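Colleague: Have a look at the structure that comes next, please.
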There are 2 protein chains.
Amino acid sequence: MDETRPRTNRHAGLEPDEVLDRALTLVEVEGADALTMRRLASELGVATTSIYWHVGNREQLVTAMVRRHGLRLAEAPIVGDTPRQRVLAVARLIWEGALADREVTRLASAHGLSSLHAQRLELAMARELQEAGVVGESARDALRAITACVGGFIIAALLDDALPTDHRRSSVLAHLEDPGLDPATHSALATNSHLPSLFDTTLRTVVDSLVPADLSANAYL
Amino acid sequence: MDETRPRTNRHAGLEPDEVLDRALTLVEVEGADALTMRRLASELGVATTSIYWHVGNREQLVTAMVRRHGLRLAEAPIVGDTPRQRVLAVARLIWEGALADREVTRLASAHGLSSLHAQRLELAMARELQEAGVVGESARDALRAITACVGGFIIAALLDDALPTDHRRSSVLAHLEDPGLDPATHSALATNSHLPSLFDTTLRTVVDSLVPADLSANAYL
DNA sequence: ACCTGAACACCGTTCAAGT
DNA sequence: ACCTGAACACCGTTCAAGT
């Protein structure tokens, strides 16, 4: 009986969390561009201007959405036997989490909030780096380098599925006239790399170059 | 006498290239957000709708701008003694070119045109990879991995100067409560990495893992 | 062929006004 | 304290009309 309260004048029951959740599902379902103050308001059955009272303007809304989504991402468990493996595992969590809800990631990226989006997972990575003996400025730089590469692969993946199949990113290059380019290379450029495995090998290389191999594993035996 | 033609009715002398150049300098000087059909038109001393006749709608305008700017970037010479060094040199050219005109890069990124922006330099990298003996799918994957990392560093650099000094990206992490985080790491997170040198070491690692060391240099002696 | 102004359908945001 | 409608200042885009 009370599952549908009138949602009219005088306390429509608009809690900020409800606004954020509806906004997030709206973005995930209909894309980042669908997020409009008017559209979100109609989704909530409320006047457009009510949103301003509860969550502020559009920038504040998006910031709160990204922070909230980032908290969910950090709930995943970090698996791995050595600190080095767990650093790589956190990198994979950022990558997989970003691609699982691409539209939210796209929204965060468009507003320069990618670092806020991955904030908690980056903190987790900092802890794993510490476990591996990487602290201070080395930890800061390692974190920065790893997350930069992860972010680059994420936007590469987002670009791939944004374009229609006939002129994907790869073929942008393939359509160029080639002065002496190997035909095998030229035809390969018309196809897409398998990004997940490319991500894995590349980030393992980067992580391995920044994080020392696990010594304590033997030290305790 | 004829240096300032009336620029009125009946052929105002609007050539597409002029439109693109004005649009590019507008973006570089006043930022990507300043690029508006109305604003650009007033900059050209022309009605807003004239732009549509010459360069099409906004998306076509931006695409042409990015392509044009990308051509300029590819004019820089590629220096280096070995193919491996030249691959890294091209990566540096993409990085430096993107940061030299950050607002254009931001515009390209916002419209998913980063790959178009770096198109010619990526083709140059493909040639250097071929010189190093990397062809076919290996070349495609190497190109993809390298440009992904380069792109990640670029957006990281763009984020850094977008934020005011008091809450830069780094301190986003530093402001978190730290459950057992090393104090040296915590305070280091409040400072910024030196991105150019971090870019250099990281990309050298990635390139070295994908491009075999130069053998022909000795082979010819 | 080229350029214009008016008009349309959107935005985000403010604010006085209601209860 | 919470919610509303009207209004403002912007957008991109279309199109009939001019020369």
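Colleague: Where only protein heavy atoms count, and the probe is 1.4 Å, what is the accessible area per residue for the stretch A:74-116 in Å²?
Modeller: 43
Colleague: Roll a 1.4 Å probe over the protein heavy atoms and report the accessible area of residue A:199 in Å², nearest 10.
Modeller: Approximately 0 Å² for this residue.
Colleague: Okay, next question. Using Cα springs under 10 Å in a Gaussian network model of chain A, which residue among A:129, A:176, A:26 shows the largest mean-square fluctuation?
Modeller: A:176
Colleague: How would you order B:59-68, A:27-36 from highest to lowest mean count of nearby Cβ atoms within 10 Å?
Modeller: Going by the mean number of other Cβ atoms within 10 Å, highest first, we get B:59-68, A:27-36.
Colleague: Please compute how much accessible surface disappears when B pairs with A, both sides summed, using a 1.4 Å probe, and round it to the nearest 100 Å².
Modeller: About 4600 Å² of accessible surface is lost on pairing.
Colleague: Also, I was wondering about something else. Within 10 Å of each Cβ of A:133-142, how many other protein chain Cβ atoms are there on average?
Modeller: For peptide A:133-142, the averaged partner shielding equals 6.
Colleague: For the rotation that brings chain A onto chain B, whose beta-carbon in chain A is nearest the axis, and what is that distance in whole angstrom?
Modeller: That would be A:152, 1, residue then distance in Å.
Colleague: Along the Cα→Cβ direction, 7 angstrom out, place labels at residue B:36 and residue B:75. What is the inter-label distance in nm?
Modeller: Taking the two extended label points, one gets 3.2 nm.
Colleague: Continuing with this model, one more query. Any chance you could give the angle, 0 to 90 degrees and rounded to 10, that helix B:195-210 forms with the longest Cα principal axis of chain B?
Modeller: Between helix and principal axis, roughly 70 degrees.
Colleague: I'd like to know which of A:142, A:199, A:119 lies farthest towards the positive end of the charge dipole of the protein assembly as shown, counting +1 on Cβ of Lys and Arg and -1 on Cβ of Asp and Glu.
Modeller: A:119
Colleague: Can you pull the Kirkwood radius for the protein assembly as shown, inverse mean 1/r over Cα pairs, to one decimal in Å?
Modeller: 24.0
Colleague: Using a basic spin-label model with each label point 7 Å from the Cα along Cα→Cβ, how many nm lie between residue B:63 and residue A:208?
Modeller: 4.1
Colleague: For the protein assembly as shown, what % of the accessible area comes from carbon and sulfur atoms, probe 1.4 Å?
Modeller: On the way: 11360 of 22120 Å².
Roughly 51 percent of what the probe reaches on the protein assembly as shown is carbon or sulfur.
Colleague: A further question follows. Run through the other copies and list how far each one's label point is from that of residue A:42, in nm with one decimal, shortest first; the point sits 7 Å from Cα along Cα-Cβ.
Modeller: Computed spacing set for this position: 3.1 nm.
Colleague: Same structure, new question: Hey, for residue A:204 with labels 7 Å out along Cα-Cβ, what do the inter-copy distances come to in nm, ordered shortest first?
Modeller: 2.4
Colleague: Sticking with this structure for a sec: Label the stretch B:1-128 by shape, choosing from rounded, prolate and oblate, from the square roots a ≥ b ≥ c of the eigenvalues of the Cα gyration tensor; if a/c is under 1.5 it is rounded, and otherwise prolate applies when a/b is larger than b/c, oblate when it is not.
Modeller: Prolate is the answer for the stretch B:1-128, as a/c is 1.5 or above and a/b outweighs b/c.
Colleague: Given 0.36 nm per residue, what is the gain on full extension from residue B:25 to residue B:100 after removing their alpha carbon distance, in nm?
Modeller: 25.7 nm
Colleague: Ok, one more. Within 10 Å of each Cβ in peptide B:178-187, how many partner chain Cβ atoms are there on average? Round it to a whole number, please. Spell out each step's value before the answer.
Modeller: Details: counts 3, 2, 2, 7, 8, 2, 7, 12, 5, 3.
Taking the mean over all residues of the peptide, I get 5.
Colleague: Put a label point 7 Å from Cα along the Cβ direction on residue B:59, then list its distances to the equivalent points in the other copies in nm, shortest first.
Modeller: 2.8
Colleague: Next up: Just tell me how shielded B:200-212 is by partners: mean number of partner chain Cβ atoms within 10 Å of each residue's Cβ, no decimals.
Modeller: 3
The values are calculated or read from the model by the stated rules, or taken from the named source; none is laboratory data. Please read these numbers as outputs of a predicted model, since none were measured by experiment. When we count neighbours, we look across all protein chains shown, and the Cβ atoms used for this are built from the backbone with ideal geometry, even at glycine. What goes into the accessible areas is simple: the full protein's heavy atoms, side chains included, and nothing from ligands, DNA or RNA. Shrake-Rupley method; radii C 1.70, N 1.55, O 1.52, S 1.80 Å.
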